[in-house]
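Derivation of every value follows stated rules applied to the coordinates shown; laboratory data play no part. The structure presented is a predicted model; accordingly, all values stated were derived computationally and were not measured. Virtual Cβ from ideal backbone geometry, glycine too; neighbours counted across all protein chains shown.
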Amino acid sequence: MKIGTDIAKAAELLSLGEAVAIPTETVYGLAANALNPDAVLKIFEIKKRPLFDPLILHIGKKEQLNTLSTQIPAVLEKLMEAFWPGPLTVLLPKTALVPDLCTSGLSHAAFRMPNHPLTLALLNALPFPLAAPSANPFGYISPTSAAHVFEQLGADIPYILDGGSSTIGLESTIVSALDDTSIYIHRLGGLSIEALAAHVTIGGIQSHSSSSPSAPGMLESHYAPRKPLYFGELNSLFQHHSSARMAILSFRNAYATDRPHLILSPSGDMHEAARNLFAYMRELDASDCDFILAEPAPEVGLGKAINDRLTRASVR
Ligand code: TXA
Ligand code: MG
């Protein structure tokens with residue numbers, strides 16, 4: 001069986017240098033031994049990911065940073081204390097132990113402790129960290145279930161560790177230290193700006209519309225379905241697109257239509273909307289339509305990250 005909950009099997013494959021899909025609370029990852037460049041290379045090959053897009057290192061214990069990072073800024077220490085394990089990724093200066101392949105040659109590596117019982121148990125059973133990007137072909141929507149991974153990468157990987165549906169549904173928020181008290185947000189994600197701002201000063205935020213990203217990998221076009229997705233207020237999109245071939249992804253309102261139509265959260269719950277976002281984009285992509293119309297979420301909490309993903313998925 002390619003899909004299962006056998007941690008020992010996943011650990012054995014990873015120890016042999018294989019790539020294995022793992023569940024996390026944000027999205028599923030395609031994992032390999034971060035300290036073995038041949039294993040890491042398999043991730044890039046399977047995903048068809050360009051080598052200039054660096055990977056996040058996943059750890060099960062904070063002490064692992066002692067050998068992987070040369071220094072931990074106080075402001076990031078504070079955030080790791082507050083939010084690990086969880087949807088927070090921090091950029092830290094790396095030691096020589098971390099292969100350049102993981103960071104695309106950058107001096108800093110990205111680290112995260114995911115909050116998922118199976119994956120934490122796996123990480124704590126392994127003598128090395130796991131490099132893991134989202135387990136989707138490069139540029140496509142991230143997977144939030146084992147079935148999503150199997151559909152696209154099932155033929156290319158030996159095992160998918162099944163931890164159920166991802167409870168957050170958006171990739172981690174990526175931050176770096178600007179000084180002793182402030183941080184820069186490189187990617188909006190499953191940890192909201194408001195939650196971070198309760199602990200530290202937000203010194204800057206990478207805009208998704210930037211044409212000169214601050215780091216490799218902050219690519220503008222990403223998370224995209226195969227069908228064109230148009231993003232904006234639905235009433236204005238309806239005027240420009242023929243309703244006969246559309247599918248609709250709305251935030252909380254139901255629209256009278258016989259076309260494929262999904263609602264992220266009928267009660268307007270932002271966490272539920274985040275959890276449903278990628279699965280619903282996949283479902284509409286596979287539905288009988290020529291294009292998808294999607295409306296923005298309110299710009300609060302995880303709504304900003306939801307809108308970031310929809311913008312990057314959209315035709316512009
Ligand atoms: O929630 C997540 O972060 C998921 C799960 C599997 O942990 N992982 C994930 O990985 O979203 P990925 O590869 O799809 O996105 C990671 C992004 C890269 O595209 C890049 O933009 C940024 O993290 N990144 C990684 N290492 C970096 C580095 N050293 N410097 C700057 N950005 C980095
Ligand atoms: Mg990704």
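Structure data summary
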item	result
Ranking of F111, F52, F128 by count of other Cβ atoms within 10 Å, fewest first	F52, F128, F111
Cleavage-rule hits (chymotrypsin sites (Phe, Trp or Tyr not before Pro)) in segment 233-316: DSSP loop, at most 15 neighbouring Cβ within 10 angstrom	Y255
Sparse-neighbour loop sites [trypsin sites (Lys or Arg not before Pro); segment 1-92; at most 16 other C-beta within 10 Å; DSSP]	K2, K48, K61
Residues S207, S142, sorted so that the one with the fewest Cβ neighbours within 10 Å comes first	S207, S142
Segment Y184-H199, length gained on full extension (0.36 nm per residue, minus Cα span)	4.1 nm
Segment 1-112: equivalent-ellipsoid semi-axes (sqrt of 5 x gyration tensor eigenvalues, Cα, Å)	23, 18, 13
Rel. contact order, % - alpha carbon contacts under 8 angstrom, at least six apart, segment 62-108	45
Proxy reagent accessibility, fewest Cβ within 10 Å first, across T173, T5, T103	T5, T103, T173
